[in-house]
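Chemist: Before I ask anything, let me first share the structure, which is written out below as structure tokens.
The values are calculated or read from the model by the stated rules, or taken from the named source; none is laboratory data. Since this is a predicted model, take the numbers as computed values, not measurements. Cβ atoms come from the backbone with ideal geometry, glycine included; neighbour counts cover every protein chain shown. These area figures cover heavy atoms from the full protein model, side chains too; ligands, DNA and RNA do not enter into them. Shrake-Rupley method; radii C 1.70, N 1.55, O 1.52, S 1.80 Å.
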Amino acid sequence: MTTRPLEKQILVAGVGNAWLQDDAFGGECARRLEARGVPDGVTVMDFGTGGLDLAYEIMRGYDALVLLDATRQGNAPGTLYVLEPDMEALARPIEDGDVINPHGMDPQTVLRFVGAIGGFSGRVVVIGCEPGEVDTVGMGLTPAVEGAVDRALALVAETLDELRTDAAYPAA
């Protein structure tokens, strides 16, 4: 009897505040990706601003995490980024006096929390978009960021294709 290799388990997580215009980029990407469908082994969720929920979900045993988020890097609104955070640098111990607010956990804090407690050892890829407007309450993405969503979904598909292979992970 032949056994098939186990499928990689990958979490695609949209994050951001839907009430702050372009900060909703991650959630909008997650909703559209879920509507299009994803390969077996891929879970798509919109976490909004629920950082603690995201932290707990990450610790369920995924091989990889793809975070979709608005991220300011200083370029024109709608610019896309593919980033891989240094998880070792984020995994520094949480010292006495360090505060992690469970009601305000941005993605970096989520990764630091999860890394500090040893709850995730998989790959992390962030697909981010330079926002135009995130400081004013309002619904809907600005035109530049709206125009980047389909391009971001193409990047997600490429990233998932890579992460579903054994070659994407260092040999143990």
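Chemist: Filtering the stretch 74-107 down to residues that are modelled with pLDDT of 90 or more and assigned to a loop (DSSP other than H, G, I, E, B), which residue is least open to solvent (accessible area, probe 1.4 Å)?
Modeler: Gly78
Chemist: Which members of the stretch 136-164 meet the condition of being in a helix (DSSP H, G or I) and open to solvent by less than 30 Å² (accessible area, probe 1.4 Å)?
Modeler: Val145, Val149, Ala152, Leu153, Val156, Thr159, Leu160, Leu163
Chemist: In the stretch 43-70, what count of residues is obtained for those that are of a type in the set (Ser, Thr, Tyr), part of a loop (DSSP other than H, G, I, E, B) and modelled with pLDDT under 90?
Modeler: Residues in the stretch 43-70 being of a type in the set (Ser, Thr, Tyr), part of a loop (DSSP other than H, G, I, E, B) and modelled with pLDDT under 90: 1 in total.
Chemist: Within the stretch 28-67, can you find the residues that are closer than 18 Å to Glu7 by Cβ, without any contact (Cβ under 8 Å) to a residue 40 or more places away in the chain and surrounded by 19 or more Cβ atoms within 10 Å (Cβ to Cβ)?
Modeler: Val44
Chemist: Moving on to the next point. Within the stretch 12-27, restricting attention to residues that are crowded, with 22+ Cβ neighbours inside 10 Å and outside any helix (DSSP H, G or I), which residue is modelled with the highest pLDDT?
Modeler: Val12
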